[in-house]
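Visitor: Can you keep this structure in mind? I'll have questions shortly.
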Amino acid sequence: MSGRRTESVADEAYYDRNQAAQAMGVMALQLGFSVGIKDDPEWPILYIDLPQGQVSWHIPKKELKFDFPPYSKDWDKTGTNTKRVRMQEYIRDSIPQQKKCWCGETAQYNSEYGTYYCGGSIHKAYDR
Ligand SMILES: [Zn+2]
């Protein structure tokens, strides 16, 4: 296996996703969030109650690395898009960020650029 690969095959991506979800679950437990497993013989579901709402992932039983407690609530019937929005909001808003543009000016979140941007004319030469 090369050390300079930039792409992973689907199995590797799923393995990484399953590990990342569990790492997030362990961190969420440490933060005092409600986290748990709803059992399924082959595909247990890991649930995390973020402040933004419930998120969940099916994890193959053989890839479960941590003995999460049982999750007692029901699935809130939200789909993947809602989960993505909740994750985005959690990532972006949970810890107050220093809202500065790279130039040092106070910045607003710019959804077109996906980052904080002051809108200043100094950037004209670097804008796409
Ligand atoms: Zn700027």
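Visitor: Restricting to the range 88-109, name every residue that is within 10 Å of the ligand (Cβ to nearest atom) and either part of a strand (DSSP E or B) or among the hydrophobic types (A, V, I, L, M, F, W, C) (or both).
Guide: 100, 101, 102, 103, 106, 107
Visitor: So, residue 100, is that one more than 30 Å from residue 123 (Cα to Cα), free of Cβ contacts under 8 Å to residues at least 60 places away in the same chain, of a type outside the set (A, V, I, L, M, F, W, C) and out of contact with any His (no Cβ under 9 Å at 6 or more places or on another chain) or not?
Guide: Numbers: more than 30 Å from residue 123 (Cα to Cα): no; free of Cβ contacts under 8 Å to residues at least 60 places away in the same chain: yes; of a type outside the set (A, V, I, L, M, F, W, C): yes; out of contact with any His (no Cβ under 9 Å at 6 or more places or on another chain): yes.
The answer is no for residue 100.
Visitor: Mind checking whether some residue in the range 73-89 is farther than 25 Å from residue 13 by Cβ and among the hydroxyl-bearing types (Ser, Thr, Tyr)?
Guide: Scanning the range 73-89, I find no residue that is farther than 25 Å from residue 13 by Cβ and among the hydroxyl-bearing types (Ser, Thr, Tyr), so the answer is no.
Residue by residue, here is whether (1) in the same structural domain as residue 15 (by TED's automatic domain parsing); (2) among the acidic types (Asp, Glu); (3) more than 18 Å from residue 17 (Cα to Cα) holds:
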residue	(1), (2), (3)
34	yes, no, yes
39	yes, yes, yes
42	yes, yes, no
45	yes, no, no
51	yes, no, yes
59	yes, no, no
65	yes, no, no
68	yes, no, no
72	yes, no, yes
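Visitor: Failed condition for residue 62, given (1) over 19 Å from residue 15 (Cα atoms); (2) not in a loop (DSSP other than H, G, I, E, B), with all others met?
Guide: (1)
Every residue, every condition in (1) free of Cβ contacts under 8 Å to residues at least 40 places away in the same chain; (2) in contact with a strand residue (DSSP E or B) (Cβ under 7 Å, 6 or more places away or on another chain); (3) loosely packed, with under 12 Cβ neighbours inside 10 Å, yes or no:
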{"residue": "13", "(1), (2), (3)": "yes, no, yes"}
{"residue": "24", "(1), (2), (3)": "yes, yes, no"}
{"residue": "32", "(1), (2), (3)": "yes, no, yes"}
{"residue": "42", "(1), (2), (3)": "yes, no, yes"}
{"residue": "57", "(1), (2), (3)": "no, yes, no"}
{"residue": "67", "(1), (2), (3)": "yes, no, yes"}
{"residue": "79", "(1), (2), (3)": "yes, no, yes"}
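Visitor: Then there's this: Exactly one of (1) closer than 17 Å to residue 91 by Cα; (2) hydrophobic (A, V, I, L, M, F, W, C); (3) in a loop (DSSP other than H, G, I, E, B) is unmet by residue 26. Its number?
Guide: (3)
Visitor: Could we say that residue 47 is hydroxyl-bearing (Ser, Thr, Tyr) and at pLDDT 95 or above here?
Guide: yes
Visitor: Let me ask something else. Which is of a type in the set (D, E, K, R) and under 18 Å from the mean Cα position of the chain (by Cα), of 49, 11, 74?
Guide: So the residue among 49, 11, 74 that is of a type in the set (D, E, K, R) and under 18 Å from the mean Cα position of the chain (by Cα) is 49.
The values are calculated or read from the model by the stated rules, or taken from the named source; none is laboratory data. Just so it is clear, the structure is predicted and the values come from calculations on it, not from any experiment. Backbone-built Cβ (ideal geometry, glycine too); neighbour counts: all protein chains shown.
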